[in-house]
Amino acid sequence: MFERIKQMMIKEFHQIFRDKRMRPIIFLTPVLQLIIFGYAVTTDVNNVSLAVYDLDRSYESRELTRRFEASGYFQVFCSIERPEEVQDLLDRGKVLAVLQIDRGFSADIKKGKQAEVQVLFDGTDSNTALVAMSYANAIITGYAKSLGGPHVRASAARLDVRARAWYNPALRSKNYNVPGVIAIMIMLICLLLTSMAVVREREIGTMEQLMVTPLKPAEMILGKTIPFAIIGFFDMFLVTIVGVFWFSIPIQGSLPLLVLCTAIYLLSVLGIGLFISTISKTQQQAMMGTFLFFAPAILLSGLMFPIENMPVAVQYGTYLNPLRYFLVIIRGIFLKGNGIPILWPQMLSLFILGAAVMTISALRFRKRLV
Amino acid sequence: MPDAGVITITGLTKSFGDNIAVDDLHLEVRRGELFGLVGPDGAGKTTIMRLLAAIMSPDSGEAWIAGSSILHEGERIKEKIGYMSQRFGLYEDLTVMENIIFYADLYEVSKKERPARIERLLGFSNLTPFKGRLAGKLSGGMKQKLGLACALIHTPEVLFLDEPTNGVDPVSRRDFWRILYDLLKEQVTIFVSTAYLDEAERCTRIGLIHKGRLITTDTPAKVRKSIPLSMVEIWAPDARKAAEAAKGMAGVKDVSVYGNRFHVALAEVGLTDRIIEQLKEKGIAVIDHRQVLPSLEDVFIHIVRSSEL
């Protein structure tokens, strides 16, 4: 039995590495996704282009502008001379924000009156606008404090709120994204490889030939899934190594636990891959099936949008998504250093889901054979 | 449990929806026979093969292969038979040798016996020089021989070949049949399906199958004589037109056109002259005619047509 499974696996690896289309899927996809998520897909707001409409032209207005620039969050794109330029620059998307300092700003400050500045944001991308707005607020408040500091009476009771982000103190989106990349990449690669490899046997007629050999369905399923599990692990390590050493993602938790959880995760992923293979006649169909599952699985996993914000019915649906559990686990291990005491509910759910999916697929697979 | 034949089939039936693919099949094949299942595409040949190889379950009926029941002992049957599907079942991205070794592993051929057996299989199939070549880079005929080598790696008692020469050039086909005759000498029972009637002539016994029903079984020679027909071959400049004219005449059972000649199946021998006469009366030129033995093709076409009436 083990000999036959071993031979199935050897054959599978021969085929994978000889297939010119498969090699890029295994080696290039993970690295490409990592680069995209590590560099390009960032929710950090930096270098917001800013136009300055300074009507006051005073020492104070220049100081405030300087503070915007020095923060690193804003970059002064240009200075505006005429009011219609404000609208124009925002309309054409040349700048994301306009800092408008009205005449009398410095005079008001000197008189101790409430001085006002206006910052206009392009709200098309609401997330970025919100984040940039909060930065602008902080800069202006900071400036106000530096002015008021010596003059403010000590008697005025002040509440000083300081937010500190735990686990990811610098709030780098990379730290959040790279573990996510590992999760979605394992899913994509294992789904694709499993479903296509099984369907390919059917397409080229070798499935029929295998059926007349003493090879048992269980041996065939194991021989068809273990190679892709190995590739899944390989890609997990590849992305982890690149993530830790290139993107300096901290890995707080235990590596063996990560391996164990990946194994549990693979159970569902390979099960789904196998399932797709039982409903597909051609490799194209298998590929379509994979993406039909994959796209909603990502959107409804909490990778990009918090599950708590989804409609309740959809939230229940996410319980059937293995990615949902694995994201919590892998982010917990990477960023928080969580162990089994905290992660066990996710691990258990993932295991139950995986066992169920695998059983259904294996039963369907048997049926298609006989 | 019967033991007379290597293959014993009783009342095998299988349908897909409304379509009856195999209809109440009874058949017995003895050890060392080369049995040909002959029929047009869609007659149910592949379904019969799959049922006998125990990879598909029948709706009813039973069959024994080398003493094992297809209903209850599928796993034992798999060890006793070699099976080659229409598409050879090869991995095109593996080499010739890797394909053979892969199947040797699946059949658990012992490491001790393996080298000699592989060498012999490569030898008879003339594949020795191509050991390291990818199966996908072989010609159709070589693929077919490799498929056969893989199906024979565990020295099966019964060999099932489902249209093995479909799409293979004539020279390779002849080679292939030579190999099959060699196998017969080793007392392997061969059950082959084919749509080619020239191949059917080479079998020791054939079964004509049409729309899932086995119409007749006998040696090719006896099948040919089995129908009470007199066959005339008529040459005519416009064979198609002449054949059309002959169709309606009294005593004509069947007409089939072959290029510039056509065969007319007659109910009695004496009718030939009358047919020729009648054709001439209608102003149709006839070059020559002669009495011929009905070919398997004639018999087959006749049987199929009369079963459709």
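Ignoring the sites themselves, chain A has its longest run without GluC sites (Glu not before Pro) in a DSSP loop having at most 14 other Cβ atoms within 10 Å at A:117-370.
From its DSSP helices (H runs of at least four residues, each -39,500 (n - 2.57)), the protein assembly as shown gives a residue-normalised ellipticity at 222 nm of -16000 deg cm²/dmol.
Could you name the lysines in cross-link range of residue A:111, using Cα to Cα under 22 Å and dropping any fewer than eight places away on the same chain? Within reach: A:145. Buried between A and B is an accessible area of approximately 2500 Å², summed over both sides with a 1.4 Å probe. Between the C-alpha center of the stretch A:188-248 and that of the stretch B:54-120 there is a gap of 24 Å.
All other residues whose Cβ lies under 12 angstrom from that of residue B:164 are scored, Lys and Arg at +1 and Asp and Glu at -1, for a net of +1. For chain B, DSSP calls about 65 percent of its internal beta bridges antiparallel. Listed by chain and number, the lysines placed with their C-alpha closer than 18 angstrom to that of residue B:225 are B:253; residues fewer than eight positions away on the same chain are left out. So which of B:78/B:211; B:222/B:247; A:216/B:211 end up more than 29 Å apart, counting from Cα to Cα? Over 29 Å Cα-Cα: A:216/B:211. Looking at the stretch B:205-309, the trypsin sites (Lys or Arg not before Pro) that sit in a DSSP loop and have at most 15 other Cβ atoms within 10 Å of their own Cβ are B:282. Evaluating 6.51 cos²θ - 1.76 cosθ + 1.60 at θ = phi - 60° for every residue in the stretch B:44-50, the Karplus couplings come out as x, 4, 5, 4, 4, 4, 5 Hz, glycine and proline recorded as x. What FRET efficiency comes out for the pair residue A:309/residue A:84, r = Cβ-Cβ distance, R0 = 30 Å, nearest 0.05? Rounded to the nearest 0.05, the efficiency is 0.20. Per atom type, the stretch A:48-148 shows carbon and sulfur on 49% of its accessible surface, probed at 1.4 Å. List the GluC sites (Glu not before Pro) in the stretch B:138-201 that DSSP assigns to loop (not H, G, I, E or B) and whose Cβ has at most 13 other Cβ atoms within 10 Å. Which are they? The qualifying sites are B:186.
Inter-chain Cβ neighbour count for B:148-161, averaged per residue, equals 1 (cutoff 10 Å, partner chain atoms only). Other residues whose C-beta falls under 11 angstrom from the C-beta of residue A:96 contribute a net charge of -1, scoring Lys and Arg +1 and Asp and Glu -1.
Taken over the alpha carbons of the stretch B:131-214 as equal point scatterers, the Debye sum produces base-10 log I(q)/I(0) values at 0.13, 0.21, 0.24 Å⁻¹ of -0.45, -1.09, -1.33.
Once both axes come from the Cα atoms, what is the angle between helix A:283-299 and the longest principal axis of chain A, in degrees from 0 to 90, rounded to 10? Once rounded, the angle reads 40 degrees. Bridging of residue B:45 to aspartates and glutamates at a Cα separation below 12 Å is possible for B:23, B:162, B:163, once same-chain residues fewer than 8 apart are set aside.
Between A:113, A:20, A:11, the Gaussian network model of chain A with springs among Cα atoms under 10 angstrom shows the greatest mean-square fluctuation at A:113.
Between B:200, B:63, B:236, the GNM of chain B built on Cα springs shorter than 10 angstrom shows B:236 fluctuating the most.
The values are calculated or read from the model by the stated rules, or taken from the named source; none is laboratory data. Nothing here was measured: the structure is a model prediction, and the numbers come from that model. Reconstructed Cβ throughout: ideal geometry from the backbone, glycine too, with neighbour counts over all protein chains shown. Ligands, DNA and RNA are stripped out before the accessible areas are found, and what is left, the full protein with its side chains, is counted by its heavy atoms. Shrake-Rupley method; radii C 1.70, N 1.55, O 1.52, S 1.80 Å.
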